[in-house]
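Participant: Below is one structure. I have some questions about it.
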Amino acid sequence: MGIRAHNVCKSFGSFVALDNVSVDIPSGSLTALLGPSGGGKSTLLRVIAGLEVPDHGRIEIAGEDATALSPQSRGVGFVFQHYAAFKHLSVFRNVAFGLEIRKRPKDEIAKRVRELLELVHLDQFADRLPSQLSGGQRQRMALARALAVEPRVMLLDEPFGALDAKVRKELREWLRRLHDEVHVTTVFVTHDQEEAMEVADEIVVINNGLVEQVGRPDQLYDRPANDFVMGFLGPVTRIGGQMVRPHDIEVLRTPEDGSLRATVTRIVRLGFEVRVDLSIDGEDAWAQVTRAQASSDNLAEGETVWVRPIRPTGHPLHAVG
Amino acid sequence: MGRGPGLGVGVATLWLSLVVLIPLAAVTLRAGENGWGGFWAAVTAPEAASALRLTLGAAVVVSIVDVVFGTLVAWVLVRDHFRGERVVEVLIDLPFALPTIVAGLVLLSLYGATSPLGIHLAYTRAGVVMALLFVTLPFVVRTVQPVLAELDPEMEDAAASLGAGRITTFRRIVLPNLLPAISAGAALSFARAISEFGSTVLISGNLPFKTQVAAVHIFGQIETDNVTGAAAVSTVLLVVALLVLVALDLLSRWGAKRA
Amino acid sequence: MPEPTSPRGGRAGRGGGPGRARLLLRAVALGYLAALLVLPVGLVLWRTFAGGLGPVLSSLADHSVLHAFQITAIVAVAAVVLNTFFGLGVALLLARHRFAGKRALNALIDLPVAVSPVVVGLALILVYGRFAPVGSWLEGLGFQVIFSLPGMIIATVFVSLPLVVREVQPVLVEIGIDQEQAAWTLGAGRFTTFRRITLPAIRWALAYGVVLTLARAMGEFGAVAVVSGRLVDKTQTVTLLVEERFQNFDQVTAYATSCVMAVIAILTMIAINVLRPTSLAEKESA
């Protein structure tokens with residue numbers, strides 16, 4: 001039940017949302033479409049769902065050409081950022097909706113809905129209205145609703161974007177565990193790289209309507225295809241014209257091969273780690289060192305140090321996915 | 001997103017054309033039947049001109065009174081709390097719900113020849129104005145009420161903390177924020193007042209040159225088969241109404257900018 | 001700092017109870033409403049029953065009066081049904097789609113409210129009258145529009161055209177398309193989605209629009225006065241009857257029927273005041 005997008009193009013007026021985008025999402029995987037706002041990832045998701053019609057390109061779902069199919073017939077489960085709860089229906093009726101449309105017998109519906117509500121821990125709330133639920137609960141209901149009709153793929157559009165930080169973290173783990181149990185091909189859109197790295201098997205980085213890189217979280221972090229991916233997925237700083245991860249910088253008391261002279265402008269202790277702000281030839285940079293190192297080296301403001309990247313990053317050998 | 005709106009637009013346009021557009025176009029065409037000269041003559045004929053003058057004049061007066069009293073009523077409904085408030089709230093919609101001819105009858109019985117109060121406004125221009133005040137009452141009230149209710153009370157608190165007394169606060173803080181809503185209500189009042197027919201028929205006695213409003217005049221012209229004349233005066237009313245609609249649109253944009 | 005008293009009342013009364021200014025404003029406002037609305041209507045209700053209940057009931061039982069009520073009912077209900085369909089359709093079009101001429105359509109919807117009822121009647125006669133282009137063609141097919149019910153229905157449709165659209169449209173815009181799209185992904189076709197998801201979401205706004213339309217339709221006078229020919233026992237509505245009876249010095253019947261309309265109006269006002277906040281809440285809960 002994989003998903004394939006071939007050469008998808010979509011513009012809104014003069015704004016190009018997707019520029020010849022192709023992705024291949026393996027069956028049963030949990031994939032993140034990651035990128036900045038307005039980059040095209042939601043558009044791609046909606047094209048896959050059939051909620052947007054592309055100007056060019058093809059969509060295949062489970063090996064079938066789905067490009068001409070309406071959203072009703074694609075067998076996709078879709079979860080919206082703002083839940084799209086049916087406000088006038090109870091939680092039970094919301095989850096049952098897809099099954100009622102398909103005219104399933106009442107007891108079958110009741111059984112399936114109860115199962116799903118237990119799965120998402122909302123069985124106590126079956127008779128409540130969505131307005132009586134919290135945001136996190138509404139989203140769990142939306143997930144149950146989408147799963148009820150046994151979709152071939154699950155598509156989630158910034159599912160946790162409208163929730164606050166604590167709930168977001170909880171639901172992230174919960175989504176991962178759910179996927180481990182249910183194994184439906186799942187694609188979710190997010191602009192939060194931490195979320196993508198924590199949850200997804202594979203990440204597709206999309207920016208300005210183009211795919212920047214595809215790969216596992218560690219691949220994208222350690223071997224980014226370009227500056228954009230590097231900067232988006234983790235902290236970066238510039239040393240000697242190169243983009244480097246602050247925790248990949250060696251701070252030395254004496255000059256060594258390949259090191260540059262720098263002045264410590266500020267030291268901030270953040271729990272276990274220490275952030276060292278530097279000035280190198282008038283340019284600002286920063287390095288992340290451990291407390292142990294900071295104290296053993298006696299780092300202090302105003303001091304002169306020498307810095308160099310621990311391993312050269314540059315551009316990796318892997319091509320963009 | 002599936003089929004486009006084409007069919008729907010087509011049907012809507014067809015329906016609108018049959019019911020609204022073509023008939024209105026027919027009025028303007030008929031008005032111009034005798035050319036620009038004929039149109040002008042029909043509109044400036046003594047009775048027609050008098051009716052138009054009365055109508056426009058009365059509408060202006062009524063709009064002004066509506067602005068003052070409408071704002072006042074809205075203020076009292078929003079800011080004041082008293083027993084029977086809900087009843088008054090419901091009452092404001094009476095002119096929307098009551099047929100205009102019944103409104104006319106009702107006013108005539110209190111302020112006409114058989115008035116128990118001794119006030120006799122039948123066959124007078126004051127009677128016409130009163131009828132128009134009745135039917136236009138809700139407009140300013142209903143446009144101002146929600147804006148007044150949404151007004152940030154902290155603005156007035158800030159003004160008070162800066163030394164502004166009640167009148168000053170009203171004049172400089174509240175009123176300017178109500179202005180778009182008041183103007184919109186006034187425009188609606190005006191448009192309604194120039195078109196009004198039913199409520200004026202009884203109390204005005206329909207005296208040409210004295211209490212005959214434009215709509216009544218047009219009616220008379222239709223009945224006496226001077227359809228072209230009726231169409232001419234109708235066209236004037238239509239043009240004025242259109243101008244008011246444009247003004248309303250501009251006012252709503254002005255109001256939106258201030259929100 | 002002591003606040004000067006002002007003729008414009010304000011918030012949070014100072015000291016105990018409302019100030020003089022506030023009471024004055026209240027008195028003026030209520031006095032205006034009493035003089036303009038309450039007293040006149042009250043007087044009519046009182047005068048109607050001045051001669052006792054008997055004359056009132058017998059005048060209402062007059063067959064012309066009953067016929068007039070029947071005509072009003074037919075015309076009003078027909079207009080409400082037509083405008084509900086049209087209103088829903090146009091509201092959906094304007095709220096959910098983009099198309100050429102959308103702005104024009106949007107502006108035109110408000111047009112009927114600004115046209116004088118008498119002009120409406122004139123306009124319809126010029127197109128659908130016996131000797132008018134469309135009218136004469138229809139006449140040839142045996143279908144009379146003017147001086148007959150169809151014309152009265154069209155006239156009533158005209159004057160109440162925007163009411164349903166303008167109530168439903170903003171709610172449709174506010175609730176957005178997410179719920180509908182969610183229903184699509186769950187397998188619901190367009191009509192099913194409309195029936196099960198969209199309609200329940202706008203039901204109070206729709207009800208409000210329908211009540212407004214019904215009230216407007218029942219109260220219509222000027223336009224039907226022109227297009228109906230005011231034929232007693234044939235095309236005479238209740239409003240036309242009131243005028244005709246009054247002009248013929250049959251005060252009892254005029255007052256009695258006015259009284260009935262006033263009672264209907266009061267029920268309408270109550271319905272409006274229940275439905276208006278509910279439909280606003282519908283918009284806000286989106």
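The values are calculated or read from the model by the stated rules, or taken from the named source; none is laboratory data. Computed from a prediction, not measured in an experiment: that's the story for all the values here. Cβ sites come from the backbone with ideal geometry, for glycine too, and all protein chains shown count toward neighbours.
Participant: Could you check the stretch B:1-50 and list, in sequence order, the residues that are of a type in the set (G, A, S), within 25 Å of B:R192 (Cβ to Cβ), more than 12 Å from every other protein chain (Cβ to nearest Cβ) and in contact (Cβ under 8 Å) with a residue 24 or more places away in the chain?
Facilitator: Of everything in the stretch B:1-50, those that are of a type in the set (G, A, S), within 25 Å of B:R192 (Cβ to Cβ), more than 12 Å from every other protein chain (Cβ to nearest Cβ) and in contact (Cβ under 8 Å) with a residue 24 or more places away in the chain turn out to be B:A42, B:A48, B:S50.
Participant: Got a sec? Which of C:G121, C:G222 is of a type in the set (G, A, S), within 7 Å of another protein chain (Cβ to nearest Cβ), closer than 24 Å to B:A97 by Cβ and in contact (Cβ under 8 Å) with a residue 60 or more places away in the chain? Quick ask: steps written out before the conclusion?
Facilitator: On the way: C:G121 fails: within 7 Å of another protein chain (Cβ to nearest Cβ).
Residue meeting the stated conditions: C:G222.
Participant: Right, something else. Exactly one condition in (1) buried (at least 18 other Cβ atoms within 10 Å of the Cβ); (2) within 25 Å of B:G38 (Cα to Cα) is not met by B:D225; state its number.
Facilitator: (1)
Participant: Okay, next question. Where the second residue is hydrophobic (A, V, I, L, M, F, W, C) and surrounded by fewer than 16 Cβ atoms within 10 Å (Cβ to Cβ) and the first is more than 7 Å from chain C (Cβ to nearest Cβ) and touching a residue at least 12 places away in the same chain (Cβ under 8 Å) and lies in the stretch B:72-86, which pairs have Cβ atoms under 7 Å and are six or more apart or on separate chains?
Facilitator: Once the first residue is more than 7 Å from chain C (Cβ to nearest Cβ) and touching a residue at least 12 places away in the same chain (Cβ under 8 Å) and sits in the stretch B:72-86, its partners that are hydrophobic (A, V, I, L, M, F, W, C) and surrounded by fewer than 16 Cβ atoms within 10 Å (Cβ to Cβ) give B:V78/B:A149.
Participant: If you don't mind, another one. Mind telling me which of the residues A:V184, A:V91, A:V149, A:V153 ends up being more than 20 Å from the chain's Cα centre (by Cα) and touching a residue at least 60 places away in the same chain (Cβ under 8 Å)? Can you show your working first?
Facilitator: Numbers: A:V184 fails: more than 20 Å from the chain's Cα centre (by Cα); A:V91 fails: touching a residue at least 60 places away in the same chain (Cβ under 8 Å); A:V153 fails: more than 20 Å from the chain's Cα centre (by Cα).
Of A:V184, A:V91, A:V149, A:V153, the one residue that is more than 20 Å from the chain's Cα centre (by Cα) and touching a residue at least 60 places away in the same chain (Cβ under 8 Å) is A:V149.
Participant: What helices (runs of 4 or more DSSP H) completely inside the stretch C:29-147 contain at least 1 residues that are closer than 30 Å to B:L132 by Cα?
Facilitator: Working: elements: C:39-48, C:53-60, C:63-96, C:102-109, C:117-128, C:133-140.
Of the helices (runs of 4 or more DSSP H) lying wholly inside the stretch C:29-147, those with at least 1 residues that are closer than 30 Å to B:L132 by Cα span C:39-48, C:53-60, C:63-96, C:102-109, C:117-128.
Participant: Considering only the stretch B:17-121, give the helices (runs of 4 or more DSSP H) lying wholly within it that have at least 2 residues that are touching a Pro at 6+ places or on another chain (Cβ under 8 Å) and not hydroxyl-bearing (S, T, Y).
Facilitator: Working: elements: B:22-31, B:35-44, B:46-79, B:85-91, B:94-97, B:100-111.
Correct list: B:46-79, B:94-97, B:100-111.
Participant: Would you mind stating whether C:A182 is within 14 Å of chain A (Cβ to nearest Cβ), buried (at least 24 other Cβ atoms within 10 Å of the Cβ), under 30 Å from A:L147 (Cβ atoms) and at pLDDT 90 or above?
Facilitator: So C:A182 passes the test.
Participant: Moving to a separate point now. Just to check your reading of the model, which residue among B:S204, B:S189 is surrounded by 22 or more Cβ atoms within 10 Å (Cβ to Cβ), within 14 Å of B:L54 (Cα to Cα) and not hydrophobic (A, V, I, L, M, F, W, C)?
Facilitator: Numbers: B:S189 fails: within 14 Å of B:L54 (Cα to Cα).
Selected residue: B:S204, the only one of B:S204, B:S189 that is surrounded by 22 or more Cβ atoms within 10 Å (Cβ to Cβ), within 14 Å of B:L54 (Cα to Cα) and not hydrophobic (A, V, I, L, M, F, W, C).
Participant: Select from the stretch B:233-259 the residues that are within 11 Å of chain C (Cβ to nearest Cβ), of a type in the set (A, V, I, L, M) and more than 17 Å from the chain's Cα centre (by Cα) and list them in ascending order.
Facilitator: Residue satisfying the conditions is B:V233 alone.
Participant: Which of (1) facing chain B (nearest Cβ under 10 Å); (2) touching a residue at least 40 places away in the same chain (Cβ under 8 Å); (3) surrounded by fewer than 24 Cβ atoms within 10 Å (Cβ to Cβ); (4) of a type in the set (V, I, T) is the odd one out, the single condition C:T239 does not satisfy?
Facilitator: Going through the list (1) facing chain B (nearest Cβ under 10 Å); (2) touching a residue at least 40 places away in the same chain (Cβ under 8 Å); (3) surrounded by fewer than 24 Cβ atoms within 10 Å (Cβ to Cβ); (4) of a type in the set (V, I, T), C:T239 breaks only (3).
Participant: Between a first residue in the stretch B:99-117 that is within 7 Å of chain C (Cβ to nearest Cβ) and a second residue that is among the charged types (D, E, K, R) and not in a helix (DSSP H, G or I), which pairs have beta carbons less than 8 Å apart while being 6 or more apart in sequence or on different chains?
Facilitator: B:P99/C:E220; B:T100/B:E196
Participant: A follow-up question, please. Hey, which of the strands (runs of 3 or more DSSP E) in the stretch A:10-127, taking only ones fully inside, have at least 2 residues that are crowded, with 18+ Cβ neighbours inside 10 Å and within 11 Å of chain C (Cβ to nearest Cβ)?
Facilitator: Details: elements: A:15-25, A:30-34, A:56-61, A:76-79.
Filter on the stretch A:10-127 gives A:76-79.
Participant: Turning to a different aspect of this structure: Please tell me if B:A181 is over 30 Å from B:L105 (Cα atoms), in contact (Cβ under 8 Å) with a residue 12 or more places away in the chain, surrounded by fewer than 20 Cβ atoms within 10 Å (Cβ to Cβ) and under 25 Å from the mean Cα position of the chain (by Cα). Write out each step before concluding.
Facilitator: Values: over 30 Å from B:L105 (Cα atoms): yes; in contact (Cβ under 8 Å) with a residue 12 or more places away in the chain: yes; surrounded by fewer than 20 Cβ atoms within 10 Å (Cβ to Cβ): no; under 25 Å from the mean Cα position of the chain (by Cα): yes.
When the stated conditions are applied, B:A181 does not pass them.
Participant: Here's a follow-up. Please give the number of the condition B:I182 fails out of (1) more than 10 Å from every other protein chain (Cβ to nearest Cβ); (2) in contact with a Phe, Trp or Tyr (Cβ under 9 Å, 6 or more places away or on another chain).
Facilitator: (2)
Participant: Something else now. Quick test of your reading of the structure: B:S204 fulfils all but one of (1) of a type outside the set (D, E, K, R); (2) within 22 Å of the chain's Cα centre (by Cα); (3) more than 24 Å from C:M261 (Cα to Cα); (4) away from every other protein chain (no Cβ under 11 Å). Name the failing condition by number.
Facilitator: All conditions are met except number (3).
Participant: Collect the residues in the stretch A:192-209 that are touching a strand residue (DSSP E or B) at 6+ places or on another chain (Cβ under 7 Å) and not polar (S, T, N, Q), keeping them in residue-number order.
Facilitator: Residues of the stretch A:192-209 touching a strand residue (DSSP E or B) at 6+ places or on another chain (Cβ under 7 Å): A:193, A:196, A:199-206, A:209.
Within the stretch A:192-209, A:A196, A:V199, A:A200, A:D201, A:E202, A:I203, A:V204, A:V205, A:I206, A:G209 qualify.
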